[in-house]
Amino acid sequence: MSKYAEIESLALEIICTENSTHNKMQMLCDLLDQKLNHFNWTGFYRADNESRLLHLEVYTGEPTDHTTIPFGKGICGQAADIEQTFVIDDVSAESNYISCNINVKSEIVVPIIRDGIVLGQIDIDSNTAAAFKQEDQDLLENICKALAPYII
């Protein structure tokens, strides 16, 4: 079994537990942080579609001031607004990037969507440029699809 298949299997076990969605999200953050060295900050935001805001639910890594992000602002806000995964190899080249930490070099944001509605997203920062590969994107998209039914 590949490293990514093993991580996905462990993630699906977490998602299928009887824990609250909040606890599942925190356990997923911790799992990804422990298993993937290039994940330096991992967090879940929940979407409030009425106000078009993302609210930080849980994270693993350095504290951030960005606990509320409007749709369209920054990479997280763009991913929510456009409903697509964003993989940013060099955050310094992005005019709409919201800096959380001066050490961050790359970012991946995957929206959590159910029935055409953005429910939230997972946001990963890396201190390595161009850190995220297709296998990272596939893993995170699969986790978000599996988690979507549990988000109320």
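Just to verify a result, which residue in the range 34-71, among those that are within 14 Å of the chain's Cα centre (by Cα) and open to solvent by 60 Å² or more (accessible area, probe 1.4 Å), is nearest to Ile152 (Cα to Cα)?
Among residues in the range 34-71 that are within 14 Å of the chain's Cα centre (by Cα) and open to solvent by 60 Å² or more (accessible area, probe 1.4 Å), the one nearest to Ile152 (Cα to Cα) is His55.
Any idea which of Glu141, Glu135 is closer than 15 Å to Lys35 by Cβ, open to solvent by 20 Å² or more (accessible area, probe 1.4 Å) and out of contact with any Cys (no Cβ under 6 Å at 6 or more places or on another chain)? Show your work before the answer.
Values: Glu141 fails: closer than 15 Å to Lys35 by Cβ.
Criteria check complete, one pass: Glu135.
Can you find, within the range 111-152, the residue that is farthest from the chain's Cα centre (by Cα) among those that are assigned to a loop (DSSP other than H, G, I, E, B) and within 18 Å of Ser20 (Cβ to Cβ)?
Going residue by residue through the range 111-152, those that are assigned to a loop (DSSP other than H, G, I, E, B) are 115-116, 127-133, 151-152.
Restricting the remaining residues to those that are within 18 Å of Ser20 (Cβ to Cβ) gives 151-152.
Working: Ile151: 14, Ile152: 17 Å.
The selected residue is Ile152.
Exactly one of (1) of a type outside the set (S, T, N, Q); (2) in contact with a Cys (Cβ under 9 Å, 6 or more places away or on another chain); (3) farther than 24 Å from Tyr4 by Cα; (4) open to solvent by 40 Å² or more (accessible area, probe 1.4 Å) is unmet by Ile98. Its number?
(4)
Please enumerate the residues belonging to the range 127-141 that are small (Gly, Ala, Ser) and out of contact with any Asp or Glu (no Cβ under 7 Å at 6 or more places or on another chain).
Step one: list which residues in the range 127-141 are small (Gly, Ala, Ser), which gives 129-131.
Within the range 127-141, Ala131 is the sole residue that qualifies.
The values are calculated or read from the model by the stated rules, or taken from the named source; none is laboratory data. Remember, predicted model here, so these are calculated numbers, not experimental data. Neighbour counts are summed over all protein chains in view; Cβ atoms, including those assigned to glycine, are modelled from backbone coordinates with ideal geometry. Keep in mind that these areas ignore ligands, DNA and RNA; they rest on the heavy atoms of the full protein, side chains included. Shrake-Rupley method; radii C 1.70, N 1.55, O 1.52, S 1.80 Å.
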